[in-house]
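No value in this document is a laboratory result; all are computed from the given coordinates. These numbers were taken from a predicted model, which means no experiment stands behind them. A quick note on method: Cβ atoms are made from the backbone with ideal geometry, for glycine too, and the neighbour counts reach across all protein chains shown.
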Amino acid sequence: MESETMQDTPDDIAPITVSEEERLEEILQRMELDAGSTDRFRTVLRLLVGGTLLGWDELLIHLEQWEEEVRDYRTQQETQARSVVYIQPGSPPAPSLTESQELRYLLVGMLFETESRLHRRGSAILKFAGQTTNALLSPMIRQMDRSERLQPARSRFDDLVRRGETVTGRWIQRGQIEESHSRKLVLTATQDTFDATMGQLGQAPELQNLVKAQSAGLSKEVLDEVRARTVSGDLLAESFARRVLRRAPRGELPGPAGSADGSEE
Amino acid sequence: MSEDSLKGNYAGFVSRLIAYSIDVFIVVFTLMFMGWLINAVLGIFNIDEFSRTSSLNKILVSGVFGLLYSAAYFIFFWTMIGQTPGKSLMGLRIVTTDGRGLSFVRSVRRLLGYIISILAIWIGFLWILVDNRRQGWHDKIAGTIVIYTWDARAGNFITEWYRHRQEDSQHPEHGD
């Protein structure tokens, strides 16, 4: 029991032993922050924290998978390309490329080239900023360290730092507990919601039909609605303009346009 | 085609204004994209002569290029399919007064008409509101009309209102 670790913790998070958790629970209870109480605000907070952490983990996992797939694909492509043609940096594109392919590759290459440039320049700027800050602040900090007059202030500052470290340590301990609680809560909530939604959809075929029909005809309906309103707008604007200019109003809707049938080609 | 359908009738000011606004948006957006693309390509090849040139030159070059591009956009679509993307979306088509498609020369004349209408503080476009065939000055210059190509119909309220007016004009003694 002493060495039993909690389940469902990802590899990059240090596992908390049950004994540690019990100890931390005691600390929390002493602080009158009962972790088992059903405080709504705290539950929402846990949902938010857990959702963010789990979402981030999922994203990282998928990104790694995708990168691996891309690496495999690139290796295959390079193996095939080596047997056909060698492309050196700076050499013109292979003659078999069409114009549209060349343009596409040009745009993609340009995008990544820009990213690389930004990355290089960004690193250089950050390095320069660090060096400048260091050069400006180092003499001042050295003076403060050596000054006798600042000794009382320094000891007070050290006290503050020590207190801060204690508080930080407590926060870290609590963070470990709350994170595992939040993850569990979100997993349970997600699973329950998903099950309920799927059940609801499965039991309501008319809802499925409605969704299908609506998504198919929605764009056409919206367009027709907009067009119909503009036709009404045409008539109203015309009527208004004629009234302002004291011209005789039209007695009927505008007549057909001569021999133009207006049919779509 | 149903009884109340306006398909093939002269298209009005609001529909045409919205279609025109869509076209302007497309032209401006594609121009901005092209500007960005050209800038990026020049930057990659370290060609920055244009960025070193004076602001007046930049405005002149961009303006001329923009005008030529806009003219090409409208003339191309009018001549090739008789409707710009904006007009196509709003279900409108430009035809000659006898119902044929536009030739290149007629499209150029219509574009010149656009410029004249704009120079006359847009009165040429507002003319659509009062003209019996809903023609703007550019339409009159080029001998064109704009028609609905879809099963167009006004809202019930507007249709009823027109019907009442028609009855009033036929029996003026009953009108109030």
Quiz item: Can you give the FRET efficiency for B:Ile38 and A:Arg162, using 1/(1 + (r/R0)^6), R0 = 60 Å, r = Cβ-Cβ distance, to the nearest 0.05?
Solution: 0.50
Practice problem: Let me know the whole percent of all Cα-Cα pairs from the range B:13-174 that are separated by more than 23 Å. | Solution: 51
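With a 10 Å Cβ neighbour count serving as the proxy for reagent exposure, in which order, fewest first, do A:Glu99, A:Glu238 appear?
Exposure proxy ranking, most exposed first: A:Glu99, A:Glu238.
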Quiz item: Using the count of nearby Cβ atoms within 10 Å as a rough guide to exposure, how do B:Met90, B:Met32 rank from fewest to most?
Solution: B:Met32, B:Met90
Quiz item: Around B:Lys87, what is the net charge, scoring Lys/Arg as +1 and Asp/Glu as -1 over all other residues with Cβ under 11 Å from its Cβ?
Solution: +1
Practice problem: Pop the C-beta distance of A:Val244 and B:Asn57 into the FRET formula with R0 = 45 Å and round what comes out to the nearest 0.05. | Solution: 0.50
Exercise. Please get the size of the charge dipole for the range B:13-174, origin at its Cα centre, with Cβ charges of +1 on Lys and Arg and -1 on Asp and Glu, quoted in debye to the nearest 20.
Key: 340
Practice problem: Go through the range B:60-138 and name the trypsin sites (Lys or Arg not before Pro) that are in a DSSP coil and have 16 or fewer other Cβ atoms within 10 Å of their Cβ. | Solution: B:Arg100, B:Arg133
Quiz item: In what order do B:Ser21, B:Ser117, B:Ser70 fall by count of nearby beta-carbon atoms within 10 Å, going from fewest to most?
Solution: B:Ser21, B:Ser70, B:Ser117
Self-check item: Three-way shape call for the range A:104-231 based on the alpha-carbon gyration tensor, with the a/c threshold at 1.5
Solution: oblate
Quiz item: If we restrict to alpha carbons, what Rg and Dmax does the range B:84-160 come to, in Å?
Solution: 13.5, 42
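With the cut-off at 1.5 for a/c, could you classify the range A:178-234 from its C-alpha gyration tensor as rounded, prolate or oblate?
oblate
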Quiz prompt | Dipole moment magnitude, nearest 20 debye, the range A:205-247 about Cα centre, only Lys, Arg, Asp, Glu C-beta charged | solution = 420
Quiz item: Using just the C-alpha positions of the range A:205-247 as equal point scatterers, what log10 of I(q)/I(0) does the Debye formula give at each q in 0.22, 0.23 1/Å?
Solution: -0.73, -0.76
Quiz item: Given R₀ = 22 Å, FRET efficiency for A:Glu113-A:Trp66 by Cβ-Cβ distance, to 0.05?
Solution: 0.50
Practice problem: Could you pull out every one of the lysines with an alpha carbon less than 30 Å from that of B:Lys87, ignoring same-chain neighbours closer than 8 positions? | Solution: A:Lys212, A:Lys220, B:Lys7, B:Lys140
